[in-house]
Ligand code: CP
């Protein structure tokens, strides 16, 4: 099987079989990451350029590690140290980098739609590493991988996503991914942070957190996106935390098998108490670990790694 897409811009073009295939490939990649020597020659001779126009810790680092573990030549482009500061446009920047014959671009941008705009102007495959509030498909795939790994399946699971759904590209991509894989999704948060009409996507909206968590198998907590103006949509962070934060007392009222997730970065003491973030039901660092394997899988599938690749 091969992926039928050239670019990964969001999850809308991926069906259940495609996602299953990516997760299975990531499983093979995870085995490489558990070896003493975590490197294979799969992408030797390929060049991966990471273009991050917006800050990142997890996504940027894991894409770099993923490329290096597959033996690609990985170049990190930093907007603040580039000729963008001298007035060069994003498209001119991309066309100049394209002239150096890369095999894949990994792009994060603060504005929704930039990866797609670039994809229309270059033959080089594009992976969207997060664009504005639009999509974060590799985060969703690593979240799906992590849940499947922990709970053994995705179909029929009850997933509750809590917080700033309106401004979250992770929420948007997670919704698509979990629904495609047959999970039942509930969203919860202050009404001002839940998009109007989101029920049309096939999700349940519940504004009371305890009720939203009561039957959840998966609890996905989100950060308030203060950089996107979310802070003005509720009275105070303290009040938000009381009504929508997950602390130990609240977690104890949920199903004992339910797992706690967060895409990071966490604002400790706001959406998650430290005891929950670091507790036994949290799989937050598993998500980070799995991010490397999932991104290796995507680089491999989109860059056309050969069959000898995983040996
Ligand atoms: N989850 C995520 O995208 O984190 P970073 O912003 O640190 O990449």
Considering only DSSP beta bridges where both residues belong to the chain, give the percentage that are antiparallel (nearest 5).
5 percent
Any idea how far apart residue 111 and residue 68 come out in nm if each label point goes 7 Å out from Cα toward Cβ?
3.2 nm
Computed over segment 90-219, the relative contact order (Cα-Cα under 8 Å, seq sep at least six) in percent reads 20 percent
Roughly what % of DSSP beta bridges within segment 146-249 run antiparallel, to the nearest 5?
0 percent
Based only on other Cβ atoms within 10 Å, what is the fewest-to-most ordering of 117, 261?
117, 261
Approximate spin-label separation residue 28-residue 61, in nm, with each point projected 7 Å along Cα-to-Cβ:
2.8 nm
Of all DSSP beta bridges with both partners in segment 46-151, the antiparallel percent, nearest 5, is 5 percent
Footprinting proxy, 211, 120, 172, 295: sorted fewest to most Cβ within 10 Å, the residues are 120, 211, 172, 295
Projected area averaged over orientations for segment 41-180, convex hull of C-alpha atoms, nm²:
9.7 nm²
Euclidean distance of C-alpha centroids, segment 1-16 and segment 19-68, integer Å
17 Å
Cα gyration tensor of segment 115-239, axes a ≥ b ≥ c as square roots of the eigenvalues: rounded (a/c below 1.5), prolate (a/b > b/c) or oblate?
oblate
Going fewest to most other Cβ atoms within 10 Å around each Cβ, 244, 207 line up as 207, 244
Relative contact order for the chain using alpha-carbon pairs under 8 Å, separation at least 6, rounded to a whole percent?
22 percent
Ordering of 138-148, 230-240 by packing [mean C-beta count within 10 Å, highest first]
138-148, 230-240
In square nanometres, what is the average projected area of the Cα convex hull of the chain?
16.0 nm²
Cα-projected label distance for residue 275 with residue 214, points at 7 Å along beta-carbon direction, nm
2.4 nm
If packing is taken as the mean number of other Cβ atoms within 10 Å per residue, what is the order of 76-82, 18-24, highest first?
18-24, 76-82
Angle in degrees between helix 284-303 and the longest Cα principal axis of the chain, rounded to the nearest 10:
30 degrees
Taking a ≥ b ≥ c as the square roots of the Cα gyration tensor eigenvalues, with a/c under 1.5 meaning rounded and otherwise prolate when a/b beats b/c, else oblate, which class fits segment 1-75?
oblate
Given the Cα-Cα distance of residue 239 and residue 39 and 0.36 nm per residue of separation, how much length would full extension add, in nm?
67.2 nm
Using alpha-carbon pairs under 8 Å, 6+ residues apart, how would you state the relative contact order of segment 80-154 in percent?
23 percent
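Every read-out reported here was derived from the displayed coordinates using simple, explicitly stated rules and does not represent laboratory data. If you're wondering where the values come from, they're calculated on a predicted model, not measured in any experiment. A quick note on method: Cβ atoms are made from the backbone with ideal geometry, for glycine too, and the neighbour counts reach across all protein chains shown.
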